[in-house]
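Laboratory data are not the source of any read-out in this text; all were calculated from the coordinates shown. Remember, predicted model here, so these are calculated numbers, not experimental data.
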Amino acid sequence: MEYYELHPDNPQKRFINKAINVMRDGGVIIYPTDTVYGFGCDIYNKEALERIYTIKNEAFSKLYSFIIPDFKDIATYAKVSDFAYRHMRKLLPGPYTFVLPAAKEVPKKLWTKRKQVGIRIPDHPVVLELATELGHPIVSTSVTNRKGENLFDPLEIRTIFNASVDLMLSAGHLEGKPSSIIDLSGEEVEIIREGAGDVSVFL
């Protein structure tokens, strides 16, 4: 694994570029978000996506969300109703995953059985720049151990996944919860998981 420590205020562009090149070559990375560390790859690379399932020891049927860099990009990957738009506009970027009807642009591997997708726009400059410069959304799933527990210490993560992942961008110790998951695919809000994002705005 290539391992790079990012400056907290001005992340080094050369390290971000290395991560982008790894994903373009079909690799898997670990990156920081506004909640926890995530495993990532280009959503259009089937082999890299399957590697993440294997690394996490999860069934290929499990839904992974993905990160897009900007609110204006959502309509490319999901069908957004006026109802959903009003809610999302207030909260993004932020620690939320929004479940929406899938658009055809998204690989069906990332659809639920109900033809839905999970979309993230984190409030974190590193991952937003990664998605912007890559030109494609990035798979987003939390870095966890075999027990499914989130890992926050970059050195522990490096030790565990050194032989499994191609590159890691470290932003120091992260403390938090995974994103809150909010289903806005229908006419009512459904809170699937209460995490880092404040869900009281939906109650």
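One table, with the values for the structure above:
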read-out: Cα-based Kirkwood hydrodynamic radius, segment 1-117, one decimal, Å; value: 15.8
read-out: Segment 1-52 - convex hull of the alpha-carbon atoms, volume per residue in Å³; value: 87
read-out: Cα pair distances in the chain, grouped into 5 Å bins until the bin that holds the longest one, percent each; value: 1, 8, 17, 21, 22, 16, 10, 4, 1, 0
read-out: Principal-axis tilt of helix 46-56 within the chain, Cα atoms, nearest 10 degrees; value: 80
read-out: Helix axis angle, 82-91 relative to the chain longest principal axis, alpha carbon, degrees; value: 40
read-out: Nearest 10 degrees, 0 to 90: helix 13-24 Cα axis against the chain principal axis; value: 70
read-out: Normalised per residue, the volume of the convex hull around the Cα set of segment 134-186 (Å³); value: 135
